[in-house]
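Comments concern the structure below.
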Amino acid sequence: MQTAELLGTAPLFKLLDASERADLEGVFARRDFAPGDKVFSLGEPGDSLYIVGTGSVELFVKDNAGSKIVLALCGPGEVFGELSLFDGGARTASAVALESSTLLVLDRDDLLTFLRRHPDAALDLLTTMGQRIRSTDELLRRRVARNINEEMEIRSTTIERVADVIAEFSGSILFLILNALWFAGWITWNLIPGIPHFDPYPFGFLTMVVSLEAIFLSIFVLVSQNRQGAKDRLRADAEYEVNLKAELEITHLHEKVDFLTEEVLARLPRVNHSERAER
């Protein structure tokens, strides 16, 4: 696939017109990678984006246990590494070629030069980036920042809500007092002489009513408990996702600190050598 065709299919540049893509085509460089070659590592300074021409590239991070978490698999026409291109920050993931791959590379300085010649293209790029940020925000909102109680309310049916209300009321002191008063009134009515007894001793009708009440209450309680179990599972999943995200951020910070430490230590000999030379 030619560079112009790749720019036409790449999401980040799909809004550019033909003349803008033709001008941008000339500033891309081609780089070849063998299987297993590292394109960049997490925490490295980033000043370029990549478009996969041929082959495939894997984007991943590692958790604090050293396990690899694959974020994306990029095939021909897909773009990666664009965040560092725009903000000049460090890489937020590592990238490695899974097979023999040819990548188109766009440096930050070349992009700035292109945008100075075509200022309208900046709006197209911002529009595409805004769409991707919205999609990411929506994904994060569904996966982590969610209210479990609200989510369960949306999923609940009317019968399940009724079961929750009945189960909550049946476990209250008020329900116990009302049942005690009802049983006492029932038994007293059927024991007082001189008035008609609708359920004389041994209160067979009362026994049947109490049995039916126990059966229905137990069913409502089980339905409510099943819903609570589902809510607990959702809460556990949300907590796991939040903890995983926090661990990844902490690991990312550790790797950044290690990278900066290595950079500082690598420069110290050169600084000491310069100071000795000046003396």
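The values are calculated or read from the model by the stated rules, or taken from the named source; none is laboratory data. As the structure is a prediction and not an experimental result, all values here were calculated from the model. Note: ideal-geometry Cβ built from the backbone for every residue, glycine included; neighbour counts use all protein chains shown. Just so you know, the surface numbers come from the protein's heavy atoms only, side chains and all, with ligands and any DNA or RNA stripped out. Shrake-Rupley method; radii C 1.70, N 1.55, O 1.52, S 1.80 Å.
The table that follows gives values for the structure above.
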item: Top-ranked residue of segment 188-219 - restricted to ones that are open to solvent by 90 Å² or more (accessible area, probe 1.4 Å) and part of a loop (DSSP other than H, G, I, E, B), ranked as farthest from Glu168 (Cα to Cα); result: Pro193
item: Members of segment 92-116 that are in contact with a helix residue (DSSP H, G or I) (Cβ under 7 Å, 6 or more places away or on another chain) and open to solvent by 10 Å² or more (accessible area, probe 1.4 Å); result: Thr92, Arg108, Leu115
item: From the options Arg227, Arg233, Arg267, residue that is within 41 Å of the chain's Cα centre (by Cα), basic (Lys, Arg), open to solvent by 60 Å² or more (accessible area, probe 1.4 Å) and modelled with pLDDT of 75 or more; result: Arg233
item: Unmet requirement for Leu71, which otherwise passes all of (1) open to solvent by 70 Å² or more (accessible area, probe 1.4 Å); (2) modelled with pLDDT of 80 or more; result: (2)
item: Sole exception among (1) surrounded by 13 or more Cβ atoms within 10 Å (Cβ to Cβ); (2) farther than 26 Å from Leu253 by Cα; (3) hydroxyl-bearing (Ser, Thr, Tyr) for Ser19, by number; result: (1)
